[in-house]
Amino acid sequence: MNVMIDLATSYLGLKLKNPLVHSASPLSENVDTMKRIEDAGSSAIVMHSLFEEQITHESRQLDHYLSYGTESQAEARSYFPEANSYRVGPDGYLEKIRLAKAALAIPVIGSLNGVSRGGWVEYARLIQQAGADALELNIYMLPTDPEMSGPEVEQMYIDTVAAVRAEVTIPLAVKVAPYFSAMANMAKRLESAGADGLVLFNRFYQPDFDLEQLEVVPHLVLSTSWEMRLPLRWVAILFGRVDVDFAITSGVHSHEDVLKGVMAGASATMMTSAVLQHGISHVSVVRDGLVRWMEEKEYASIAQMRGSMSQKHVKEPTAFERANYMKMLHSWQSDPTGFLP
Amino acid sequence: MPQVTNIRRKRPSPPAVDLESREAPARATDSAARSNRPLVCRDGNEAAAHVAYRASEVIAIYPITPSSTMGELADEWAASGVANLFGAVPRVIEMQSEGGAAGVVHGSLQAGALTTTFTASQGLLLMIPNMYKIAGELTSSVFHVAARSLATHALSIFGDHSDVMAARQTGFAMLFSANVQEAMDLAAVAHAATLTGRIPFLHVFDGFRTSHEIQKIDVLSDEDLRALLPTDAVRAHRARALSPDHPVIRGTAHNPDTFFQAREAANPFYAAVPGLVQRAMDALAQRTGRAYRLFDYVGAADAERVLVAMGSGAETIGETVAALVAQGEKVGAVRVRLFRPFDARALIAALPPTVRVVSVLDRTKEPGAAGEPLYQDVVTAVHESTQEGIAPWRTPPVVVGGRYGLSSKEFTPAMVKGIFDDAAQQRPKNHFTVGIDDDVTHTSLAWDPAFSIEAPDVVRAVFWGLGSDGTVGANKNTIKIIGEETERFVQGYFVYDSKKAGARTVSHLRFGPRPIRSPYLIEQADFVAVHQFGFLERYDTLALARDGANLLLNSPHDPAALWDKLPALVQRQIVEKKLRVHCIDAYSLAREHHMGARINTIMQTAFFALSGVFPREEAIAHIKTSIARTYAKRGDAVVRANHAMVDAALSHLHEVQVPDARQAPPGAGRRERPVGSFVARLLAGEGDALPVSAFPPDGTYPTGTTRIERRNIAQEIPVWEPDICIQCGKCVMVCPHSVIRAKVVGASTTADAPDGFHFEDARWKELSGMRYTLQVSADDCTGCRLCVEVCPARDKSNVARKAINMRDRASAGAPRAHWEYFLGLPEIFTPEEGGVGGLHYNRVKDVQLRTPLFEFSSACAGCGETPYLRLLTQLFGDRLLVANATGCSSIYGGNLPTTPWSTNAEGRGPAWSNSLFEDNAEFGLGMRVAIDAQASLARARVRALRDPADAALADAILDADQSNEAGVAAQRHRVAELKARLRSHDTDAARDLLAVADTLVRRSVWIVGGDGWAYDIGFGGLDHVLAGGHNVKLLILDTEVYSNTGGQSSKATPLGATAKFASGGKATAKKDIGAIAMSYGHVYVAEIAMGASDQQTLRALLEAESYDGPALVIAYSHCIAHGIDMAKGMTQQKLAVESGHWPMYRFDPRLAAKGENPLQLDSSPPKMLLKDYIYNESRYRMLLQSNPEEAARLLDRAQAHVVRRWKALVRAAGRPEDRTIAGAPE
């Protein structure tokens, strides 16, 4: 590797040795695996998410099943032994942060997933106390209530961010979905509410239908590079206009994807699907590809290229806007092969 | 003869006893109990276990009600690292039976460890052989017994002294505690005295009444216990241990020359025990102020009538005596604490010299004896002391004996008064009973039920709840709050019914300024809460309310409209008794807080708000603190939800305006005593009032009685959608309570159907033109939803709508008339030749048209066991004998007043019996050999009576092929004809054949039980029965845990599952009982799971039945003790199979005989990881949540075990191993 190439980047005020951040995934549930991810070259790890609903659900489930059927019959007043303690609530998660911090040299970013302003918000403070270098607030919400208006949804986001911001002093990134009427305005408001960074975008796992059982089933499809286009566009649009760091989190699979992300303006590019698909060693493959490409193209540093293709800088800014859509439709209609999907 | 003196050896001497010490310090007073030491709320089991645990190094256990809690606590404490007095954590070891536990105790004692055990009832009986040994070897140990009835004409889990009285001859000392404090104090006395005196002790307290009663007590500290337990005696105990460093032998065999003398050699040790016990009691008194004597007298110094009793009954007697003496009566009572060795002198010394009549009460029955044990001892003591001239009287008192309180029958002050009244008669009745109406042999004493001695300053509260609503838990919590946050003394006792689904609970709580000595139910309550509105219709809930009492109702109705919703009787009672009525809609409130049916916190808050025990604000604070303490472990969300319910409860509590008396509805204001059959009286809660003559003397009862119960416990019931139904029968197949049934009838039969009764065209090609119907018995449904979950047919325009869906009971229709009409429809599927043909026993869809002969059991809603039993009766019910091991299936199968085993239209059906827990395989084998013997005899007699001129019938009978159902049916016709002919022959030969002729029709013996029986306590017998080659069928309803006694680990419990006695996750794999059985080669073996394949289940049962030899069927039975959503039980069964945890197979020795591989694997290779099955269940998730590292370790091992077992099965089945196994670590 050419030592002259400087891959360093700054994300949420954290100095990262490269933009390859490992995003919240099942792989970050185990400290040994996290260590391997670090060894493969990732520059920071976002822990798997602590879910508001999961904590509530686990607590209620445990209570329900330990109580169910008890004190009903003379012979069996209960059905389970009482353990001294259960790791419901954030304790296990916090312990993992502590272990990860002890085991890893790279920054560890906690991840909290919730949509309300309930008591769970205090977990943000606990995550900070456990030693997390930063916190990613993952707002994963599908507003299905017909009575709930767009402004109400937006305000819920803002309130949630502000509530979490009030709990912590560590850098705060907010991960959102792209479905806002006014994404740019929303980004601005999130910044005002206290976000230091925006992570674009949450992928909604869309359920599938099982035609045999006629049931709705959860279905996980790993991302493809193609999916990066949406966050790529928005990072490029928002870069320089909203004063936060950006991270791209959907569809980062190759060093080309990383390059595109950085050029759009991202400080960090987050890769999960590709690592799940190809293994942890894929991180080093991407990093090496990145270096090779930069060497070939004679780039000296990541900093040098960051935002270089953002809307502010490209020759044709309308490419990111509605004109791009019209251009695409045109090319579709003129597909000479007739075989495009 | 050799000179004995020459070989006399140095003898171990019994400890010296200072007889003066028998003059004990002053009696304990209530004020002594109220020292500065903090008092806490405990039940008797915990009180005894507290001491036993601390004084022991090895604890061998086996679950049996009502003592299981002691073992469970010991196990939990050990798992938490609680140390004993010696600074170590005791080894707690669960055994396969009480016999096994006693063996471990014996061995552990021989090797020098301080050892204890806990048991009751049949468990104690199984320990008796070892008890003789332990006592015979003068070995210090204490067995703590929550005394319980023995199974005689029936099993009973409730309390009396039959069990310990059956062990009184073993040489164990016997010390009786009468209340919760004593259960702790005398436990310590027993542990101390056994160490000093070397005689082992039974420490006895009354099952349920003391074991389960919560009282506020002083807990002995470790310092107290250390001070009581003599360390030199502990060292001496260790020094007597078997050791290769100073070897001796014990357990030798003696000959006639030596045994007798050696047996007498222990006498001095027994003689020393009373003094040692008194010394330990005195030491305890010095530390605690609570003084006890071997025989404690209370009452008038010049009493003329004295009662003698032991156990909790003595509390009631003591309390009543105090009240009667205050009224000037010359009565008294002796409480017996040390029953063995019986210190006659101490008893005589305790009796006042003025006594004229001694009435001795035994809580046991010894049929045929000259009298019950305590009575006989008192007679002997009085006689001998008089004879020896040491008695204080000139004329010895009259001694009479009586029985009371068998199986926790209530024993009240009114009964005590009745006994005293009778003792005042010229000739007091001897060998009496009290508390029942014996109109057969006229033993019972009369007593006045209106007599009451309840103190006015004691608050009495009664709560009617449903098992699932948390009432009992809330009340335990209330007791703790009041008992530990105020100066008041408390008492809590809980009455459960025998149903597993829809169980009713009644909580009896007392609060007062003095220790409460009233071990009997409340009859005049100051506060009555009815937590289920429906109870107002079904039970006389207000009978226990005193005038002016507070009534709290959980009501779904608007407070303003509530009065009109109350049953007339309740209205009358409210008006007449001038009750203050409050209501709260707790279910709505709980639902708002996502707490389902858990109304405990809400009702508790309402109780505190109304009872005025604390100012409201203070009460709220206490409840909230208590909630935080109780639920903190389960997470903030639960604490928050409960706190929110507390806050909401007060604003939803309303007073109900009661019209004045003039507007109250007319009427007697008392519920009429129900008139009806024996069973109906029991169902109405009138059992206590039934006289002896109402009962069969031998424990024989009719079957088919659950059908008259109509319990109405389901809020929602399944409703059939004929337009979607494909008539597959799966809902009928899985219904645990046989409330969903299908029939096909001829089109002409349907003409008289009631309005709204629906038929569809039958979807059988064999039954074209006929009509199909599916009906639900709404009265008997438990609302479990298993049927809806398995229904495969969905509405093509709305997939949420299936062919069967749950609907609110009120809107569901399903009138009883429809069900009655349905029951009257003829059954199409009969095995008779010439019946409607084409239906097959090996098709689920077809078999579901057969009438089940197992219905409406009291099993849990969604039970995984009962569908197998029901199927068994659909297949072979009319010729079935069932030997049922004790456990869930014997309780829901045979707990009076009703039984689900029923009969078909011809009156035939399963004949059922339960012997014991440990001997069920042998019991069933006994049935088999009896039938075979009678069948052989019958055949011989048929041959002998065969008339060569008219031999067709005899030959047909003798040569009958009964290998299929049609053959059996044909034989039944022949035997009926034979019997008809025999009846016309007035000869002994004809009568002899008639007596056994029925056995010429093939009979099927199924031996049924749970995994506790099959894998553990009954395994020896099961193994032997399989090995013997007899034609018996064994069905294991494998829930992988002791379900009936509350979730203790069995050898069927899987690796990694949490259970009681395996709190840290079971570290060893489940026993492969199928593999063991297959190893014989001649045993038909099948592992089945209805939820994974109903077809395979059906096939296995048919093959097992048809096999002329032993068959073992192991049936996966999901269970409430798995911690699952019971509606998903069948889904979990499927996952158990798909993950490889429960491979389905059939091993048929008949195939081997044909040269084929006998093992047929019926499942596919595991296609999912074990974790995706097990982590749906709390029994596994608990470990994941309490110790994730250990859970991960055990999961790895469990997954590897699954793979290994699967591969072994594949190899054995000769299947190619070319398919992969999901997640298999290679």
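The values are calculated or read from the model by the stated rules, or taken from the named source; none is laboratory data. This is a predicted model, so every value here is computed, not measured. Please note: Cβ atoms are built from the backbone with ideal geometry, for glycine as well, and neighbour counts cover all protein chains shown. Just so you know, the surface numbers come from the protein's heavy atoms only, side chains and all, with ligands and any DNA or RNA stripped out. Shrake-Rupley method; radii C 1.70, N 1.55, O 1.52, S 1.80 Å.
The rows are residues; the columns are (1) within 14 Å of chain A (Cβ to nearest Cβ); (2) of a type in the set (S, T, N, Q); (3) open to solvent by less than 20 Å² (accessible area, probe 1.4 Å); (4) within 29 Å of the chain's Cα centre (by Cα).
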{"site": "B:I453", "(1), (2), (3), (4)": "no, no, no, no"}
{"site": "B:W464", "(1), (2), (3), (4)": "yes, no, no, yes"}
{"site": "B:G467", "(1), (2), (3), (4)": "yes, no, yes, yes"}
{"site": "B:V472", "(1), (2), (3), (4)": "yes, no, yes, yes"}
{"site": "B:N477", "(1), (2), (3), (4)": "yes, yes, no, yes"}
{"site": "B:T486", "(1), (2), (3), (4)": "no, yes, no, no"}
{"site": "B:V490", "(1), (2), (3), (4)": "no, no, yes, yes"}
{"site": "B:G502", "(1), (2), (3), (4)": "yes, no, no, yes"}
{"site": "B:R510", "(1), (2), (3), (4)": "no, no, yes, yes"}
> Looking at the range B:1043-1093, which of its residues are open to solvent by 10 Å² or more (accessible area, probe 1.4 Å), polar (S, T, N, Q), in contact (Cβ under 8 Å) with a residue 12 or more places away in the chain and more than 10 Å from chain A (Cβ to nearest Cβ)?
Replying inline: B:T1068, B:S1093
> If we scan the range B:1100-1110, do we find a residue that is outside any loop (DSSP other than H, G, I, E, B) and closer than 15 Å to B:I1174 by Cβ?
Replying inline: no
> When B:S936 is evaluated against the numbered criteria (1) of a type outside the set (A, V, I, L, M); (2) touching a residue at least 24 places away in the same chain (Cβ under 8 Å); (3) part of a helix (DSSP H, G or I), which criterion, by number, is the only one it fails?
Replying inline: (2)
> Just a yes or no: is a residue in the range B:555-572 under 26 Å from B:K409 (Cβ atoms) and of a type in the set (K, R)?
Replying inline: no
> Do we find a residue being over 31 Å from the mean Cα position of the chain (by Cα) and either at pLDDT 95 or above or surrounded by 24 or more Cβ atoms within 10 Å (Cβ to Cβ) (or both) anywhere in the range B:1120-1137?
Replying inline: no
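This table checks each residue for (1) modelled with pLDDT of 95 or more; (2) under 17 Å from B:A333 (Cβ atoms); (3) within 33 Å of the chain's Cα centre (by Cα).
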| position | (1), (2), (3) |
| --- | --- |
| B:G401 | yes, yes, yes |
| B:S407 | yes, no, yes |
| B:D422 | yes, yes, no |
| B:I436 | yes, no, yes |
> Inside the range A:211-224, can you point out the residues that are loosely packed, with under 12 Cβ neighbours inside 10 Å, at the interface with chain B (Cβ under 10 Å from one of its Cβ atoms) and in a strand (DSSP E or B)?
Replying inline: A:V216
> Residues of the range B:319-343 being under 22 Å from B:V189 (Cα atoms), within 31 Å of the chain's Cα centre (by Cα) and either surrounded by fewer than 22 Cβ atoms within 10 Å (Cβ to Cβ) or not basic (K, R) (or both), which ones?
Replying inline: B:V336, B:L338, B:F339
> If we scan the range A:34-41, do we find a residue that is hydrophobic (A, V, I, L, M, F, W, C), more than 7 Å from every other protein chain (Cβ to nearest Cβ), in a loop (DSSP other than H, G, I, E, B) and in contact (Cβ under 8 Å) with a residue 24 or more places away in the chain?
Replying inline: no
>> Looking at the range A:78-91, can you tell me whether even one residue there is more than 14 Å from chain B (Cβ to nearest Cβ), under 22 Å from the mean Cα position of the chain (by Cα) and either on the phi > 0 side of the Ramachandran plot or not hydrophobic (A, V, I, L, M, F, W, C) (or both)?
In response: no
> Which helices (runs of 4 or more DSSP H) sit wholly inside the range B:156-257 and have at least 1 residues that are touching a strand residue (DSSP E or B) at 6+ places or on another chain (Cβ under 6 Å), open to solvent by 10 Å² or more (accessible area, probe 1.4 Å) and at pLDDT 95 or above?
Replying inline: B:180-197
> Does the range B:880-898 hold any residues that are open to solvent by 10 Å² or more (accessible area, probe 1.4 Å), at pLDDT 95 or above and away from every other protein chain (no Cβ under 14 Å), and which are they?
Replying inline: B:L881
> What number of residues in the range B:583-603 are at negative phi and open to solvent by 10 Å² or more (accessible area, probe 1.4 Å)?
Replying inline: 10
> For residues in the range B:710-738 being closer than 22 Å to B:R763 by Cβ and among the aliphatic types (A, V, I, L, M), which is nearest to the chain's Cα centre (by Cα)?
Replying inline: B:V734
> Restricting attention to the range B:641-657, and to residues there that are more than 14 Å from every other protein chain (Cβ to nearest Cβ) and assigned to a helix (DSSP H, G or I), which single residue is surrounded by the fewest Cβ atoms within 10 Å (Cβ to Cβ)?
Replying inline: B:S651
>> Let me confirm something: among B:V358, B:V382, B:V325, which residue is among the β-branched types (V, I, T), modelled with pLDDT of 95 or more and either assigned to a strand (DSSP E or B) or within 26 Å of B:D437 (Cα to Cα) (or both)?
In response: B:V358
> Is it fair to say B:F917 is in a loop (DSSP other than H, G, I, E, B), buried (at least 17 other Cβ atoms within 10 Å of the Cβ), modelled with pLDDT of 95 or more and among the hydrophobic types (A, V, I, L, M, F, W, C)?
Replying inline: yes
> Considering the range B:558-573 alone, what residues qualify as being within 36 Å of the chain's Cα centre (by Cα) and not polar (S, T, N, Q)?
Replying inline: B:L566, B:P567, B:L569, B:V570
>> Out of the helices (runs of 4 or more DSSP H) lying entirely within the range B:40-129, which hold 2 or more residues that are aliphatic (A, V, I, L, M), within 14 Å of chain A (Cβ to nearest Cβ) and under 20 Å from A:E75 (Cβ atoms)?
In response: B:68-79
> Which of the residues belonging to the range B:623-640 are touching a Phe, Trp or Tyr at 6+ places or on another chain (Cβ under 7 Å) and either modelled with pLDDT under 90 or facing chain A (nearest Cβ under 10 Å) (or both)?
Replying inline: B:K633, B:R634, B:V638, B:V639
> If you scan the range B:1174-1185, which residues turn out to be in contact with a Lys or Arg (Cβ under 9 Å, 6 or more places away or on another chain), in contact (Cβ under 8 Å) with a residue 12 or more places away in the chain and either away from chain A (no Cβ under 11 Å) or surrounded by 22 or more Cβ atoms within 10 Å (Cβ to Cβ) (or both)?
Replying inline: B:I1174, B:Y1180
>> Just to be sure I understand, how many residues within the range B:554-594 are within 14 Å of chain A (Cβ to nearest Cβ) and in contact with a helix residue (DSSP H, G or I) (Cβ under 6 Å, 6 or more places away or on another chain)?
In response: 1
> Any idea which of B:A800, B:A778 is over 34 Å from the mean Cα position of the chain (by Cα) and aliphatic (A, V, I, L, M)?
Replying inline: B:A800
